[in-house]
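Heads up, the thing below is written out as structure tokens.
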Amino acid sequence: MESSLPDLEAILLVGGQGTRLRPLTLGTPKPLLPTAGVPFLAHQLARAHAFGVRRIVFATSYKAAMFEPVFGDGSDFGLSLEYMTEETPLGTGGAIRNAAQALTSGPDAPVLILNGDILSGHDIGDQVRTHLARQAAVTLHLTEVDDPTRFGCVPTDGDGRVTAFLEKTPNPVTNRINAGCYVFTRSVIDSIPAGEVVSVERETFPGLIESGDLVLGYADRTYWLDVGTPAAFVKGSADLVLGRLASPALPGPTGEYLALPGAVVSPEAKVRAGSTVGARAVVEAGATVDGSVLGDDCVVHTGATVTDSVIGRGARVCAGAVVHDAVIGDGAVVGHGNELRAGVRIWPGVELPDCAVRYSSDV
Ligand code: GTP
């Protein structure tokens, strides 16, 4: 990996409810959703470690108790992990302030803050060095997107100084947006009010800009994805499997698909485009699975087609069914011949009955 810094501390924001990913996030917080075969955060932890991060404080809230059993003390990742839980969600700024109680860094040290739902290929070490060289209060990773109308945008002056945090608008002044990875000088974190709901995007950053502190933009065009929606989540998982973003945590070689232990993929099935086949999951002959995440113990039966979708643990897609751009909850059954498209979400355990019409491709 590009370049590392010694012994950097980080805070990982993982307390959000992940409402846009329901029903996947009803039972599992977004940062723990299986992504390219491992919990999403495993990819972030491995990348952070590769850049010299050695100690990470998890800022938890929603389903807080689920994190420690998965990551423990962090030694599997060569990291030391701490868990700080908010009694009630404090928003991004309040969560950073709360988690900072567990930091050991002094007031002038840089502290890395990571949103727990971002895949990014940018050089974290270079971002930190830029922050130190410019003696900034905060240095924000900015990424350039094709359609900035869907995001708030972050203009900078010729020196990289952030001049404003603008809300979504049909006519954005720049295509640079907040990429969800910040370097804070420790003392700036301590100036966030304690025990209150605070948003860094809506309060802390605009406040710092207003008072003349240096909020710096670190812009680049490397791989970047916010996995907050179902479509983005399946794309992120597929990109990792295909190797479009290198991850030291990928539990196998990159390729058209990743099969977890006990998965059974028929030689007469087509499984492609970065799909993951969960542990003990079955893809039968004549089925097609493209760019999708199949949970553990699920079954895609003969002649079914699954594209750009998430199939929950133990769910079944029956013969001749078409699932495209959809989320199928854990244990749900998509009966024979159903066709689900464009953003459909099936709640866990729901059973869609077989359709009366039979298809020639069915067995
Ligand atoms: P949606 O509900 O789908 O918007 O997802 P989200 O809850 O993750 O919200 P969002 O994507 O805006 O959050 C950005 C990052 O901040 C994510 O990593 C969240 O886990 C985290 N986050 C958001 N709110 C809180 C909070 O109140 N406390 C903590 N600890 N983390 C938060």
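The values are calculated or read from the model by the stated rules, or taken from the named source; none is laboratory data. Source: prediction; values computed, not measured. Using ideal geometry, Cβ is built from the backbone for each residue, glycine included, and neighbour counts are taken over all protein chains shown. Just so you know, the surface numbers come from the protein's heavy atoms only, side chains and all, with ligands and any DNA or RNA stripped out. Shrake-Rupley method; radii C 1.70, N 1.55, O 1.52, S 1.80 Å.
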5 Å is the cut-off here: which amide hydrogens, built 1.01 Å from N in the peptide plane, fall below it relative to residue 276, excluding neighbours closer than 5 in sequence? 258, 292, 293, 294
Taking 7 Å along the Cα-to-C-beta vector as the label spot, tell me the residue 88-residue 223 distance in nanometres, rounded to one decimal. 4.1 nm
Taking H as built 1.01 Å from N, whose amide H comes closer than 5 Å to the amide H of residue 307, not counting residues under 5 places away? 290, 323, 324, 325
Note down the accessible area of residue 117, probe 1.4 Å, to the nearest 10 Å². 20 Å²
Tell me, how many Å apart are the Cα centres for the stretch 26-86 and for the stretch 100-142? 18 Å
Might you tell me the accessible area per residue for the chain, computed with a 1.4 Å probe and given in Å²? 41 Å²
Counting only C-alpha contacts under 8 Å and six or more residues apart, can you give the relative contact order of the chain as a whole percent? 13 percent
Can you compute the modelled spin-label distance between residue 244 and residue 26, with each label point 7 Å from Cα toward Cβ, in nm? 3.0 nm
For residue 196 paired with residue 75, estimate the spin-label separation in nm (one decimal), with each label point 7 Å from Cα along the Cα-to-Cβ line. 4.2 nm
For a label point 7 Å along the Cα-to-beta-carbon line of residue 108, residues of the stretch 179-213 with backbone N under 20 Å: 183-191, 213
Taking only Cα atoms and a 10 Å spring cutoff, compute GNM fluctuations for the chain and point out the largest among 56, 311, 189. 189
Gaussian network model of the chain, Cα springs within a sub-10 Å range: biggest mean-square fluctuation belongs to which of 150, 22, 186? 150
Per DSSP loop assignment and a cutoff of at most 13 other beta carbons within 10 Å, the chain keeps its longest run without exposed GluC sites (Glu not before Pro) at 269-363
Please list 102-110, 45-53 highest first by mean number of surrounding beta-carbon atoms within 10 Å per residue. 45-53, 102-110
Starting with the highest mean, order 27-38, 291-302 by the number of other Cβ atoms within 10 Å, averaged over the residues of each peptide. 291-302, 27-38
With a 1.4 Å probe and every protein chain kept in, tell me what percent of the accessible surface of the stretch 9-226 is carbon plus sulfur. 48 percent
Quick one: Karplus J couplings for the stretch 108-118, per residue in order, coefficients 6.51, -1.76, 1.60, θ = phi - 60°, nearest Hz, x for Gly and Pro? 8, 6, x, 10, 8, 10, 10, 5, x, 9, 10
If the chain between residue 175 and residue 147 were fully stretched, how many nm would it gain, using 0.36 nm times the residue separation less the Cα-Cα distance? 9.4 nm
Name the most mobile residue of 76, 213, 146, meaning the one with the largest mean-square fluctuation, in a Gaussian network model of the chain with Cα contacts below 10 Å. 146
Take every DSSP beta bridge whose two residues both sit in the chain, then give the antiparallel share in percent to the nearest 5. 25 percent
Which residue, 317, 32, 295, has the largest displacement toward the positive end of the dipole of the chain when charges sit on each Cβ (Lys, Arg +1; Asp, Glu -1)? 317
Taking the Cα centre as origin and putting +1 on Lys and Arg beta-carbons and -1 on Asp and Glu beta-carbons, what dipole magnitude results for the chain, to the nearest 20 debye? 380 debye
